[in-house]
Amino acid sequence: MTNIILLGPPGAGKGTQATLLKEKYKFHHISTGDLIRYEIQNNTILGKKLKEFSSKGLLVPDSMVIDILKNAIENIRYNSDRSLLFDGFPRTVEQHKQLELLLKDYNEKIDCVFYFKIEEDVVVKRLSGRRLCPKCNIIYHIETKPSKAGMYCEQCNEKLIQRDDDKEKAIRERLSEYNNKTTPLLKLYRDSYILVEVDASKKPEEIFKDLSNKLTNLLDY
Ligand code: AP5
């Protein structure tokens, strides 16, 4: 079992690569962003609280997101021992500590962290053009990956949406949250020798090739 984290700023392409990696390597993909949006879309009591933070581009408080993640891992581990692919978690040092403790309960650990390295002005362009299928979570981009069905999802025909937090003000806030609260994790993982840098400015298929090569070495090892 090899548990992987995808770490990097908003819009670096973590979700795009996670979709490809889970197909090829049969990972369980855990995106805290998707889990949070699910609660918000379903207008649950929890979703209403989460929206107050995420629509503004702020990180959700650690205690809330850790509960969500704990549930997700417990559900997965109830009937599967497949490797986990974390996308968007952890994002603070406290989340990292809690994840280590959670995995320890299953005699597991974090094996590798792929750091998506990219310039800020590139991610701003990527995020402002992103469109999302609210039903099947497929990620599009108005310029680099438009849907063949125009404003609708080419897979399920649902109308595509722009995320609330993909508006300029929220994008700036998310980048600031990333710089202040998430970047300390880079040093932590680099010092543990599990950080692997990926050039996230390349084309999606090139990044996927790099990740696959790195993963193949890791899985062989
Ligand atoms: P989350 O959904 O995790 O958002 P994020 O980390 O900000 O990441 P994104 O989904 O915006 O970007 P991505 O790196 O996945 O890029 P993508 O592949 O989509 O979190 C949202 C919110 O939830 C947070 O702000 C917070 O409020 C809350 N939250 C979530 N987790 C939390 C946590 N752990 N703690 C606290 N709060 C939490 O690509 C972006 C666009 O670029 C797409 O249009 C895509 O088509 C395009 N693209 C992708 N790759 C390329 C490429 N190589 N070249 C050109 N275009 C590309």
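The values are calculated or read from the model by the stated rules, or taken from the named source; none is laboratory data. Only a predicted model underlies this, so the values are computations on that prediction, with no experimental measurement involved. We place every Cβ from the backbone using ideal geometry, glycine too, and count neighbours over all the protein chains shown. Surface areas here come from the heavy atoms of the whole protein model, side chains and all, with no ligands, DNA or RNA. Shrake-Rupley method; radii C 1.70, N 1.55, O 1.52, S 1.80 Å.
Measuring nothing but protein heavy atoms, the accessible surface of the chain at 1.4 Å probe radius is 50 percent carbon and sulfur.
When restricted to Cα atoms, the stretch 119-221 yields an Rg and a Dmax of 16.7, 46 Å, respectively. Under 5 Å from the amide H of Tyr152 lie the amide H atoms of Leu160, each residue being 5 or more positions distant or on a separate chain, with H modelled from the backbone and absent for Pro and chain starts.
Applying 1/(1 + (r/R0)^6) with r as the Cβ-Cβ distance of Lys117 and Glu52 and R0 = 45 angstrom yields a FRET efficiency of 0.90.
At q = 0.16, 0.23, 0.24 Å⁻¹, what log₁₀ I(q)/I(0) does a Debye calculation on the Cα points of the stretch 1-109 give, no solvent, two decimals? Per q value, in the given order, log10 I(q)/I(0) is -0.74, -1.45, -1.52. Protection proxy ranking for 6-15, 81-90, 60-69, 137-146, using the average of other Cβ atoms within 10 Å per residue and placing the highest first: 6-15, 81-90, 60-69, 137-146. Seen through its C-alpha gyration tensor, with square-root eigenvalues sorted a ≥ b ≥ c, the stretch 43-162 comes out prolate because a/c lies at 1.5 or above while a/b is bigger than b/c. When DSSP beta bridges are limited to those with both residues in the stretch 101-221, what percentage is antiparallel, rounded to the nearest 5? The antiparallel fraction comes to roughly 55 percent.
Remark: the stretch 24-67 is approximated by an ellipsoid whose semi-axes, taken from the C-alpha gyration tensor as √(5λ), come to 21, 12, 10 Å, largest first.
Equivalent-ellipsoid semi-axes for the stretch 55-110 (Cα gyration tensor, √(5λ), whole Å, largest first): 21, 12, 10. Counting only protein heavy atoms and a 1.4 Å probe, the stretch 1-153 has 52 square angstrom of accessible area per residue. Using Cα pairs under 8 angstrom and six or more residues apart, how large is the relative contact order of the chain, in percent? The normalised contact order for the chain reaches 30 percent. Mean projected area of the convex hull spanned by the Cα atoms of the chain, taken over all viewing directions: 11.9 nm². Compute the distance from the alpha-carbon center of the stretch 87-142 to that of the stretch 1-60, in whole Å. Cα centroid to Cα centroid, the span is 6 Å. Using a cutoff of 8 angstrom between alpha carbon atoms and counting only pairs six or more residues apart, the relative contact order for the stretch 29-140 works out to 24 percent. Helical content of the chain, expressed as a calculated mean residue ellipticity at 222 nm, amounts to -15000 deg cm²/dmol (DSSP H runs of 4 or more residues, -39,500 (n - 2.57) each, divided by residue number, nearest 500).
Need one number: % antiparallel among DSSP beta bridges in the stretch 1-146, to the nearest 5.
25 percent
Proximity of backbone amide H atoms, modeled 1.01 Å from N, is registered between Arg131 and Tyr140, His141, Ile142 at under 5 Å, excluding neighbours fewer than 5 places apart on the same chain.
Straight-line cross-link reach from Lys145 at under 17 Å between alpha-carbon atoms covers these lysines, not counting any fewer than eight positions away in the same chain: Lys14, Lys125, Lys159, Lys202, Lys203.
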